[in-house]
1. I'd like the residue in segment 439-483 that is in a loop (DSSP other than H, G, I, E, B) and of a type in the set (S, T, Y) and, out of all such residues, is surrounded by the fewest Cβ atoms within 10 Å (Cβ to Cβ).
2. Considering segment 570-599 alone, what residues qualify as being assigned to a loop (DSSP other than H, G, I, E, B) and surrounded by 19 or more Cβ atoms within 10 Å (Cβ to Cβ)?
3. Which ones in segment 398-430 are surrounded by fewer than 16 Cβ atoms within 10 Å (Cβ to Cβ) and either assigned to a helix (DSSP H, G or I) or basic (K, R) (or both)?
4. Which residues, taken from segment 281-316, are of a type in the set (S, T, N, Q) and surrounded by 19 or more Cβ atoms within 10 Å (Cβ to Cβ)?
5. If I filter segment 381-395 for residues that are without any contact (Cβ under 8 Å) to a residue 40 or more places away in the chain and over 24 Å from E432 (Cβ atoms), do I get at least one hit?
6. List every residue pair whose Cβ atoms sit under 8 Å apart, with the two residues 6 or more apart in sequence or on different chains, where the first one lies in segment 535-549 and is outside the structural domain of A575 (by TED's automatic domain parsing) and the second, anywhere, is surrounded by 22 or more Cβ atoms within 10 Å (Cβ to Cβ).
7. Name the residue that is surrounded by the most Cβ atoms within 10 Å (Cβ to Cβ), counting only residues in segment 494-529 that are small (G, A, S) and out of contact with any strand residue (DSSP E or B) (no Cβ under 7 Å at 6 or more places or on another chain).
8. Residue under question is V345, and the condition is that it be within 19 Å of the chain's Cα centre (by Cα), β-branched (V, I, T) and modelled with pLDDT of 95 or more; does it hold?
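The values are calculated or read from the model by the stated rules, or taken from the named source; none is laboratory data. Computed from a predicted structure; not experimentally measured. Here Cβ is always computed from backbone atoms with ideal geometry, including for glycine, and neighbour counts include all displayed protein chains.
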Amino acid sequence: MAVHRLDNRRPAPRTSSSGRQRRVLTLSPVPAGRLWAVYLLMAAGLCGLALRLAWVQVVQGPELLDRARAVQTQTITPLGRRRTIVDRQGSLVALDEERFTLWAHPRYFAFPGDDIGKLRSPLDVARKLSSVLALPMADLVRTMEGRKSGVKLSTDLDPETAQRVRELGISGIDLEPYPQRVYPQGNLFANVVGFLNLERVPQAGLEQSRNSDLRRHEATRQLRRGADGTPLPDGLKAGVLYGDDLRLQLTLDARLQQVAQMALSKQVKQWKAKRGVALVMDVRNGELLALASTPTYDPNQFWKFKPGLFREWSVQDLYEPGSTFKPINLAIALQENAIDPAGKVNDNGQLTIGGWPIFNHDRKGNGVIDFPTVLQVSSNVAMVKAMQRVKPAKFWNWLHALGIDTKPDTDLPGAVAGQLKSLETFRTQPIEPATAAFGQGFNLTPLKLLQLHAMLSNGGKLVSPHITRGLRSGDDLAPAPAANGLQLIRPEIAQTVLNWMETVVEKGSGKGTYIPGHRIGGKTGTAQKAENGVYIAGARITSFVAHLPINDPRYVVLVVVDEPKGANAYGSTVAVPVARQIIESLLVIEKIPPSKPVAG
């Protein structure tokens, strides 16, 4: 029998209580080379991560930061909106309305609820858009067919139509907003407000002259957002969210402007005149309540009209004022003590000055008459004799001091200076002061004549005519400025001339503006029209200027009609009826009470 050693025998498998055998694994030591390999591999990975982190942080950091901010930041570019313009009562004259351009991108067409990846055809989209846009479906399909993106379907969409397009929820349809300048009053204020062209560049009127004031305060805004789109307060500069609600307020009154425009247009058409203008001024502060001009244009469709209509001729074109300047000259003579308010002058119907004959308009004499009668009959001869008592140099100095040859201080666009012969010419050529005595031989604008007559009603103080009250916030309206002016004529002299002008309405050529109970003064004018220093045969400029109320002067009305046709075309027949309608409306709008009892 052989004998075996126990330590040479393999261990017997162990048996658990359940009878199963458990296998015992023998652990073997790991070689050192393998441990070093694993260690070095992990160290290399960590070093790589560290280098990558350093690369991202240091080298790529600025670029990645810009990319992140581009995703997180929303840039809002201003649309270039303009401030609203309102009249003295707050009625809208010009405003920006939001309009939209509709763009289509057919490669992205899909409807709400469509499966992801489903692409709708232009025909499907056209069916939905046709009724909303009021465009033929076939035209929409033809416009989009064969194109992938950037298709302009419509422009000048109003906000209501744009909202209906949004409610369709069509993917691939974009609405691009832009502001459009709108003039709700049409042609009523076109002559002074002007317009913007299709590129929103100011072309005329206040839109051009007050462009910097009418541009809204708008800045490019960059708004930071969080990962969920929530706006973050950081990154906003002070004032970037400022809401600009300023409005430019005019002195003009839309109600009076409408009356003046309609009355003037009717007369210009009836007398087949070239053009006409009607102005109303508050003599105390120079505010214009109306400046109506015809012919005019619609600024909402400016491209349909001739560019010559875009300028306001009453502040840019010169003319000889004629007899409407006679009250100004009489005030100069009174100021110089050259005539006696109770004095008289002999009107024999004609006289010769420096070899030149001068006649009255009817070539008749009026005998010895007082100065109220001089204005009533509009005597040229009597005016020459009265102004001969003022030395030519003094006369010229007064015309210069009144600003005949100076550009008026006004906010009306394009205002120009008048033309006055030189002092030397006045001294050496007697015909010059003689013709100037009855309003010829020099030129001014209707605006300048209005300003000089306002001086008489303002107690001899010269005020600056203007049509704006400035910028106001929200719905606030600016109050009328206080009375002002530069004192040139003594108050008692100005009132004397106004009293004389009242007789013109009571007894003379201004009878057409007589209104019982109201004291109104006036003066008609029918002047020859000159061009390049030569009088045009048969061409006249008819006018009428009115002051009211004479007992407490506040308003001046001037109507000028250029080249009316007809043998009976005079200031009394052409301009007076327009002034009458304006005065009647002015009395109601400004609530001017009667100055004296109305005879029963």
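1. Among those that are in a loop (DSSP other than H, G, I, E, B) and of a type in the set (S, T, Y), it is S464.
2. Listed by number, the list holds a single entry, Y570.
3. Within segment 398-430, H400, A401, K407, L423, E424, T425, R427, T428 meet the criteria.
4. Residues of segment 281-316 that are of a type in the set (S, T, N, Q), as a first pass: 285, 293-294, 296, 300-301, 314, 316.
Passing the criteria: N285, S293, T294, T296, S314.
5. Quick first cut of segment 381-395, residues without any contact (Cβ under 8 Å) to a residue 40 or more places away in the chain only: 381-382, 391, 393.
Pick out the ones that are also over 24 Å from E432 (Cβ atoms) and you get none.
Scanning segment 381-395 turns up no residue that is without any contact (Cβ under 8 Å) to a residue 40 or more places away in the chain and over 24 Å from E432 (Cβ atoms).
6. none
7. The initial filter retains those residues of segment 494-529 that are small (G, A, S), namely 494, 508-510, 512, 517, 521-522, 525, 527.
Okay, now just the ones that are also out of contact with any strand residue (DSSP E or B) (no Cβ under 7 Å at 6 or more places or on another chain), so 494, 508, 512, 517.
On the way: A494: 23, G508: 20, G512: 18, G517: 13.
So, considering only residues that are small (G, A, S) and out of contact with any strand residue (DSSP E or B) (no Cβ under 7 Å at 6 or more places or on another chain), the one surrounded by the most Cβ atoms within 10 Å (Cβ to Cβ) is A494.
8. Working: within 19 Å of the chain's Cα centre (by Cα): no; β-branched (V, I, T): yes; modelled with pLDDT of 95 or more: yes.
The answer is no for V345.
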